[in-house]
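Visitor: Please see the structure below; I have some questions.
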Amino acid sequence: MYKLIYKEIKKYDTIVIARHIGVDPDAMASQIALRDAIKLSFPGKRVLAVGTGSAKFKYMGTLDKFENISDALLIITDTPDKKRVDIPTFDGFSAMIKIDHHPFVEKFCDIELIDNNVCSACEIIMNLLKNTRLECNSNIAKTLFAGLVSDSNRFLFDSCTPKTFEIVAYYLEKYKFKLSDVYETLYLRPLKEVRLEGYMATNMELTKHGVAYIKVTDEIINKFNVDSASSGNLVNNFNHIEEILVWVTITEDVKNEIIRISIRSRGPVINDIAEKFNGGGHSTASGAKVESFDVAMELVDALDKRVEEYLKKIKKEKVEKLEEE
Ligand code: AMP
């Protein structure tokens, strides 16, 4: 598959690299690193990384304007379904390639390299570069590492396997970038965001079976002088709290007239529930968009039922194990 993708990249003079809407570091890093690697390997090609930018991830590199596309190759990273690709049109492309680590949603590309057992899209790009003649340098390696570290929440998830550590070790050894350079940019944040986190921790509510949720209204967003993406970006910081198995940020986005939801879990599967609320994602890290706080609370109720079932199952398994012994 890597060789097939390399052959396609070699064939086209214009290549566009897109990723999902609601950009995050893995999506941004995978597209920018792939663009820069192709440019480094084939300086004559026109290679564009497109999509809505984010000032927060500017340190990874700049995005390109989407214009005058014909007979081009489109590569989409970190996106399982067509409707979430952040691109104005699919016209002008002669071929499409998907490179993704989400659970499969739909086939919409000619070539699809999907591995949902890896922690990040960046891990797949790392393997693509290593297994083909695509070139890499210290800066590209650093960007890929940043995306991988971010999506794995610093190697916290079971999707980090020996293979993850092997590929990271290979890149660190070969391209010798400084870890502190990565962490300083990836984790540097303004004090107002820390204060918002304090607000969220203080005002978080808990359902009967251990789903924590926090409603962040437009008034709160303005009070802390942050944007509507900020609370969702903080969701990973509420992991490993004894009383909480699933936790949810529910944020009012007045500009887009939606309620943005981010969900995380320490066990129960949540993405099938997110899918029922105009969302999706990974089994324990999902997002959704709903029209009101009331609908968001229906989602919270569904999650509470899921946690209840999960706890019952765990209890039953424990009893069965004790009886066996
Ligand atoms: P987030 O909470 O925004 O960091 O998203 C967690 C995961 O869920 C990521 O893999 C996203 O791509 C996915 N996701 C977030 N929002 C949606 C949505 N509305 N529809 C489908 N997938 C989503």
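The values are calculated or read from the model by the stated rules, or taken from the named source; none is laboratory data. Computed from a prediction, not measured in an experiment: that's the story for all the values here. Heads up, the Cβs are rebuilt from the backbone with ideal geometry, glycines too, and the neighbour counts pull from every protein chain shown. Remember, those area values only see protein heavy atoms, side chains included, never the ligands or the DNA or RNA. Shrake-Rupley method; radii C 1.70, N 1.55, O 1.52, S 1.80 Å.
Visitor: Step through the residues of the stretch 220-225 one at a time and calculate ³J(HN,Hα) from phi using the Karplus curve (6.51 cos²θ - 1.76 cosθ + 1.60, θ = phi - 60°), rounding each to whole Hz and writing x for Gly and Pro.
Guide: Running phi through 6.51 cos²θ - 1.76 cosθ + 1.60 with θ = phi - 60° gives 5, 4, 5, 4, 8, 6 Hz.
Visitor: Can you compute the modelled spin-label distance between I111 and H240, with each label point 7 Å from Cα toward Cβ, in nm?
Guide: Going from the I111 label point to the H240 one covers 4.0 nm.
Visitor: Rank-order 114-120, 316-322 by packing density, defined as the average count of other C-beta atoms within 10 Å over each peptide's residues, highest first.
Guide: Per-residue Cβ counts within 10 Å, averaged per peptide and sorted highest first, yield 114-120, 316-322.
Visitor: With a 1.4 Å probe and all protein chains left in place, how much accessible area per residue does the stretch 1-40 have, in Å²?
Guide: Result: 36 Å² of accessible area for each residue.
Visitor: Leaving out same-chain residues fewer than 8 places away, which aspartates and glutamates sit with a Cα under 14 Å from that of K312?
Guide: D304, E320
Visitor: Sticking with this one: Of the accessible area of the chain, with the probe set at 1.4 angstrom, what percent is carbon plus sulfur?
Guide: That share works out to 49 percent.
Visitor: Report the antiparallel proportion of the DSSP beta bridges in the chain as a percent, rounded to a multiple of 5.
Guide: Here the antiparallel bridges make up roughly 45 percent for the chain.
Visitor: Spelling out what I want: for every residue of the stretch 269-283, take phi, set θ = phi - 60°, compute 6.51 cos²θ - 1.76 cosθ + 1.60 (Karplus), and round to whole Hz; glycine and proline get x.
Guide: In residue order, the calculated couplings are 6, 10, 5, 5, 6, 4, 4, 6, 10, 6, x, x, x, 8, 4 Hz.
Visitor: Under 23 Å Cα-Cα from K3, which lysines qualify once same-chain neighbours fewer than 8 residues away are excluded?
Guide: Hits, sequence-local ones excluded: K11, K39, K45, K98, K107, K130, K163, K174.
Visitor: Can you give the accessible area per residue of the stretch 64-213, in Å², using a 1.4 Å probe?
Guide: On a per-residue basis, the stretch 64-213 sits at 50 Å².
Visitor: Residues of the stretch 285-325 with amide nitrogen under 16 Å from the 7 Å Cα-to-Cβ point of D218?
Guide: Residues passing the 16 Å test: 290-294.
Visitor: I'd like the accessible area for T217: 1.4 Å probe, protein heavy atoms, all chains in place, Å² to the nearest 10.
Guide: For T217, the solvent-accessible surface is approximately 50 Å².
Visitor: Filter the cross-link list K215/K305; K10/K142; K7/K276; K7/K178 down to pairs whose alpha-carbon distance in this structure exceeds 28 Å.
Guide: K7/K276; K7/K178
Visitor: Restricting attention to the stretch 85-171, which GluC sites (Glu not before Pro) occupy a DSSP loop and are surrounded by at most 14 other Cβ atoms within 10 Å?
Guide: Counting only loop positions with at most 14 other Cβ atoms within 10 Å, the GluC sites (Glu not before Pro) in the stretch 85-171 are E106, E135.
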